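Since every read-out is calculated from the coordinates, none of them should be taken as a lab result. Small disclaimer: the values here were computed from a predicted structure and weren't measured. Here the Cβ is made from the backbone with ideal geometry for all residues, glycine too, and neighbour counts use every protein chain on show.
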Amino acid sequence: MVVFKDRTDAGRKLAEELSEYSGREDVILLALPRGGVPVAFEVAKELGVELDVFIVRKLGVPGYEELAMGAIASGGIKVMNMGVVDSFQISGTAIESVVEAEREELERREELYRKGKPELDVTGRTAILIDDGLATGATMKAAVQALRTQDPERIIVAVPTASREACEEFETDVDRTVCLTTPEPFYGVGAWYANFTQTSDKEVCDLLKQAEQIRKSGTSSRRR
């Protein structure tokens, strides 16, 4: 059943599928922390393109947290799915309670991962959102909604593995979807990795620092 050894292996294989974007200044990789960062790091290293994190926190419906009623993201972005809000008759007070809790975690990650550096500008660029996989796709959907408000030229969702349903849903939401594997039955993202240990905050910070150093030194491993 195992498809990938670990997130590093998955990232290298995903980079092969995205090779057409190698060396392009108009392309930016946006990794969803934490698990998406080691995957995206390998893609960035191989293709020689910029890497940043896109920190997004899904706003779950109270009592049905897996269902997204909206999201908050880097840059003070807040998007709401008013259809869900109205359907569940969620009060403004309840919404703000969820927003406040998720904002605290988002701000913690912003401070830890960015260390005061501004996020990279995606305006007019091809933004490739990367995670280690999609099960329901709820978090990635929130990321797409939030990213769209920043006016990128194109949005691409790229993951090593996904449920077929989740992958198909994005085909009409973004400009391109890359799902290397869509096994059935899906079971879950972790089922397709031999090593799926949790990515730590330290690992995220270390990989972001390495990616910046590699890009500045011009020592990417992209094929010439």
Inset, instruction - Taking the Cα centre of the chain as origin, sum charge times position over the Cβ atoms of Lys and Arg (+1) and Asp and Glu (-1), and report the length of that vector in debye to the nearest 20. - result: 800
Legend entry - Relative contact order, percent, the chain [alpha-carbon distance under 8 Å, six or more residues apart]: 28
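How would 113, 187 line up from fewest to most surrounding beta-carbon atoms within 10 angstrom?
With the fewest neighbours first, 113, 187 line up as 187, 113.
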Legend entry - Read-out Rg and Dmax of the Cα atoms in Å, derived from the coordinates shown; its label in [x] 17.8, 56; [y] 17.4, 66; [z] 17.0, 56: [z]
Legend entry - For residue 26, residues with placed amide H under 5 Å, excluding near neighbours: none
Legend entry - Largest-first principal axis extents of the Cα set of the stretch 58-113 (Å): 36, 19, 18
Inset, instruction - Within the set of other residues whose C-beta is less than 9 Å from the C-beta of residue 158, count the net charge using Lys and Arg as +1 and Asp and Glu as -1. - result: -1
Legend entry - residue 87-residue 151 pseudo-label distance in nm [points 7 Å out on the Cα-to-Cβ vector]: 3.2
Inset, instruction - Name the lysines eligible as straight-distance cross-link partners of residue 58: C-alpha to C-alpha under 18 Å, and not fewer than 8 places from it in the same chain. - result: 78, 141
Inset, instruction - Could you work out which residue, out of 197, 93, 139, moves most in a Gaussian network model of the chain, that is, has the largest mean-square fluctuation with Cα springs under 10 Å? - result: 93
Legend entry - For the chain, built as a Gaussian network whose Cα springs stay under 10 Å, the top-fluctuating residue of 200, 87, 74: 87
Legend entry - Neighbour-count order for 107, 46, fewest beta carbons within 10 angstrom listed first: 107, 46
Inset, instruction - Divide by every residue of the chain the summed helix terms, -39500 (n - 2.57) for each DSSP H run of at least 4, and state the resulting mean residue ellipticity at 222 nm, rounded to the nearest 500 deg cm²/dmol. - result: -12000 deg cm²/dmol
Legend entry - Sorted peptide list for 54-66, 32-44, criterion being average Cβ within 10 angstrom, highest first: 32-44, 54-66
Inset, instruction - Any chance you could give the angle, 0 to 90 degrees and rounded to 10, that helix 138-148 forms with the longest Cα principal axis of the chain? - result: 80
Legend entry - Only Lys, Arg (+1) and Asp, Glu (-1) charged, at Cβ; the stretch 58-113 dipole about Cα centre in debye: 140
Inset, instruction - Please identify the cysteines of the chain that lack any partner cysteine with a Cβ under 4.7 Å from their own Cβ. - result: 205
Inset, instruction - May I ask you to list the aspartates and glutamates whose Cα is less than 14 Å away from that of residue 117, ignoring any residue fewer than eight positions away on the same chain? - result: 52, 107, 212
